[in-house]
1. Can you tell me which condition A:Leu111 does not meet? The list is (1) modelled with pLDDT of 90 or more; (2) crowded, with 22+ Cβ neighbours inside 10 Å; (3) within 14 Å of another protein chain (Cβ to nearest Cβ), and all the others hold.
2. Return yes when A:Ile185 is within 11 Å of DNA strand D (Cβ to nearest atom), touching a strand residue (DSSP E or B) at 6+ places or on another chain (Cβ under 9 Å) and at pLDDT 95 or above and no when it is not.
3. So which residues in segment B:47-65 are among the charged types (D, E, K, R) and open to solvent by 40 Å² or more (accessible area, probe 1.4 Å)?
4. I'm checking my understanding of the structure. Among residues of segment B:183-216 that are open to solvent by 60 Å² or more (accessible area, probe 1.4 Å) and away from DNA strand C (no atom under 13 Å from the Cβ), which one is nearest to the other protein chains (Cβ to nearest Cβ)?
5. Inspect all residues belonging to segment B:107-116 and state whether any of them is assigned to a strand (DSSP E or B) and acidic (Asp, Glu).
6. Any idea which of (1) of a type outside the set (Ser, Thr, Tyr); (2) within 20 Å of B:Ile73 (Cα to Cα); (3) assigned to a helix (DSSP H, G or I) is the one B:Leu220 doesn't satisfy?
7. Being under 30 Å from A:Ile114 (Cα atoms), outside the structural domain of B:Asp186 (by TED's automatic domain parsing), touching a Gly at 6+ places or on another chain (Cβ under 8 Å) and without any contact (Cβ under 8 Å) to a residue 24 or more places away in the chain: is that true of B:Ile24 here?
8. Among the residues of segment B:92-106, write down those that are assigned to a strand (DSSP E or B), open to solvent by less than 20 Å² (accessible area, probe 1.4 Å) and within 30 Å of A:Gly153 (Cα to Cα).
There are 2 protein chains.
Amino acid sequence: MNKCDCALCEFRTIVFEDLSSNEIYSVCGYKTEKNYKKGDVIIREGSQINDFLYLKSGLVKLYKLSKDGKDQIISIAKPLDFVSLVSIFSDKTYNFSISAIEDSTVCSVDLKFIKELISKNGNFALNIMQKMSRNFDNIINNTFNLQKKHLRGRIAHILLFFANEIYKNNEFELPLSRKEIAQLIDMTTENVIRILSEFRQDKLIEIHGKNTIIINLNKLNSIAEHG
Amino acid sequence: MNKCDCALCEFRTIVFEDLSSNEIYSVCGYKTEKNYKKGDVIIREGSQINDFLYLKSGLVKLYKLSKDGKDQIISIAKPLDFVSLVSIFSDKTYNFSISAIEDSTVCSVDLKFIKELISKNGNFALNIMQKMSRNFDNIINNTFNLQKKHLRGRIAHILLFFANEIYKNNEFELPLSRKEIAQLIDMTTENVIRILSEFRQDKLIEIHGKNTIIINLNKLNSIAEHG
DNA sequence: TTTACAACATGATAATTATCATAAAATATT
DNA sequence: AATATTTTATGATAATTATCATGTTGTAAA
């Protein structure tokens, strides 16, 4: 049983809190850690599901090919999020892809081993269900909320998402291209570009090279909420 | 340990297949069965989650209040479906409502008891996760697919859904009002009515009183797929 | 450095959808 | 049965969004 730092990993408090010390050590034997550069594909849609994945650091997008051949982004996962959707427990192959949108480190634990743990340790099972359940809820709520906002509201929402939830800062480098933002909030690339320009002209944001700065948080909030 | 028919219930093969005979019998003690008339509210958003619910017969809608005060329907559940979303494992209170859209029978099992079973019987846990996982996938896929169809495609889709998945028949009584269909596929009531009229004029469907009959399945399929 | 290619930008127009108005038909209420 | 209310129905118009066209800028490859 090789030594590893799983017992100390922050993620332990998220999913593995119900495991005994012995169990935690056994996780190490089935765990690998991998680094990805921005742009790297981590999982390709259609490939076999062998691992339980979670994001240690960085930022990734989960996306799938729609019938008209375009990618649509299902969600953005941040550190300590599951990178696998719950569907890893029902399917044999991934029905979505995962790519790094920032340099990322992904931990993967053999899925068979996780399933064994689940069947042996009921509290662990409940815990996983709870976490995945919350993940599901967030995706559903987000999708439904976005769906009925106008384009400006959606763009405001996504800017606030990056500022508040991801970077905790009003100045950040957008990790997604305009095209990707369009895929995430279901609109055309042209309109993403256009509305960001409008926001800049209206002095809600500033764009300096790759950096985006939110300069009128209140107005942006109100656009995200009401229009 | 009172006798009940859980061991014979069709639902056993769906979720409870991994339970021992003893466990199945113990389910009986924590189970109640309730009948609802079309229109009855089964669960009201915000109320406490105490039970694990599944639909024995009938048809129900899961819906929630959106910020603008309108209901939006998340999904339609048919017999043997979970009526609870996965969120029952992460939340204390329901963040959605459930109503019968046809006369229905709902079985409810004490959630604490289910959680105990999960923690004692790992295979049961895995099985539940698998089922919920599939449920999640269906909702997500459906939502994303509908989202990028035009109004006519969405109406065609919903007609085919009732014909193929629910009633297994090209003639059926629509269980939802035009207004509810609008809430399910995110459009205005007027447009639902308008497009159903168009479909009737184009001889794709017939509407006789409460009954809807699909008379051009191929065309409807093609509209659902491509436009 | 030149060349290619993708990302960003903006205007004009067409397509799609929502809103508003008005009314008939069906259903529920008194 | 008479009255009110909801559901279905349809047209006209306004608002929203996509598409197409055309350029510029930035970035990667030869």
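The values are calculated or read from the model by the stated rules, or taken from the named source; none is laboratory data. Remember, predicted model here, so these are calculated numbers, not experimental data. Cβ: placed from backbone, ideal geometry, glycine included. Neighbour counts: every protein chain shown. For accessibility, only protein heavy atoms count, side chains too; no ligands or nucleic acids. Shrake-Rupley method; radii C 1.70, N 1.55, O 1.52, S 1.80 Å.
1. Status for A:Leu111: all satisfied but (2).
2. Spelling it out, A:Ile185 is indeed within 11 Å of DNA strand D (Cβ to nearest atom), touching a strand residue (DSSP E or B) at 6+ places or on another chain (Cβ under 9 Å) and at pLDDT 95 or above.
3. Those that are among the charged types (D, E, K, R) and open to solvent by 40 Å² or more (accessible area, probe 1.4 Å): B:Asp51, B:Lys56.
4. Checking each candidate, the answer is B:Asp202.
5. The answer is yes; a qualifying residue exists.
6. Here B:Leu220 meets the rest and fails (2).
7. No, not satisfied.
8. Those that are assigned to a strand (DSSP E or B), open to solvent by less than 20 Å² (accessible area, probe 1.4 Å) and within 30 Å of A:Gly153 (Cα to Cα): B:Ser97, B:Ile98.
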